[in-house]
Structures are given as C-alpha cells and as structure tokens.
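Bear in mind these aren't lab numbers, they're just calculated from the coordinates by the rules spelled out. A quick note: this is a predicted structure, and the numbers were derived from the prediction, not measured. Backbone-built Cβ (ideal geometry, glycine too); neighbour counts: all protein chains shown.
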Amino acid sequence: MEVFIISAWQIWMQHNNFIFNRGSPSSSSWRRCLKDEGRLQAYRISENKRPVFLSWVDSFV
C-alpha cells in the first residue's frame, strides 16, 4: 500500500511541476523522486520489514 501511495504522490508532484513551474515531466525524474521519497518513508515502516522495502526501493532505478 505504501508503494502505491508514494507512486501516486510522485505522479501528482510531476503533474504539479508541469502545470505550475512549466517543468518537463519524465519517467527518470519520477523514478528518482520515488526512490528519494521511499527512503524517507522507510523510517515509518517497522524495523523487521524495512530492509525488504529498502532493497526494493534501491533496485527500482
């Protein structure tokens, strides 16, 4: 569930960047932001599930 929420949030942020800042959305910047946000959100995940989540986030480049 966390992965879906983070992914949707980053798509929304790409959309806002395009609309309000005239930025250029790209899949590479979406993946980079998703990876950064995933690392931050990892602190909210229980310690026994955190390594699995972080390994998934790190492999998602």
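All other residues with a Cβ under 15 Å from the Cβ of Gly38 taken together, and with Lys, Arg as +1 and Asp, Glu as -1, what is their net charge?
+3
Compute, for the chain, the length of the dipole vector about the Cα centre, with Cβ point charges of +1 (Lys, Arg) and -1 (Asp, Glu) only. Units Debye, rounded to 20.
My answer is approximately 80 debye.
Which whole-number percent gives the relative contact order of the chain, counting Cα pairs below 8 Å spaced six or more residues apart?
Answer for the chain is 30 percent.
Compute the helix-to-body angle for 2-21: its Cα long axis versus the longest principal axis of the chain, expressed 0 to 90° and rounded to tens.
20
Please report the projected area of the chain's Cα convex hull averaged over all directions, in nm².
Across all orientations, the chain yields a mean hull projection of 4.0 nm².
Please arrange Trp56, Trp30 by how many other C-beta atoms lie within 10 Å of their C-beta, fewest to most.
So the ranking, lowest neighbour count to highest, is Trp56, Trp30.
Please list the non-local residues whose amide H lies under 5 Å from the amide H of Gly23, H modeled 1.01 Å from N, same-chain partners needing a gap of 5 or more.
Phe18
What's the angle, to the nearest 10 degrees (0 to 90), between helix 50-59's Cα axis and the longest principal axis of the chain?
It works out to around 40 degrees.
Please arrange Val52, Val57 by how many other C-beta atoms lie within 10 Å of their C-beta, fewest to most.
Val52, Val57
Which order do Glu47, Glu2, Glu37 fall in if you start with the one that has the fewest other Cβ atoms within 10 Å?
In order of increasing Cβ crowding within 10 Å: Glu47, Glu2, Glu37.
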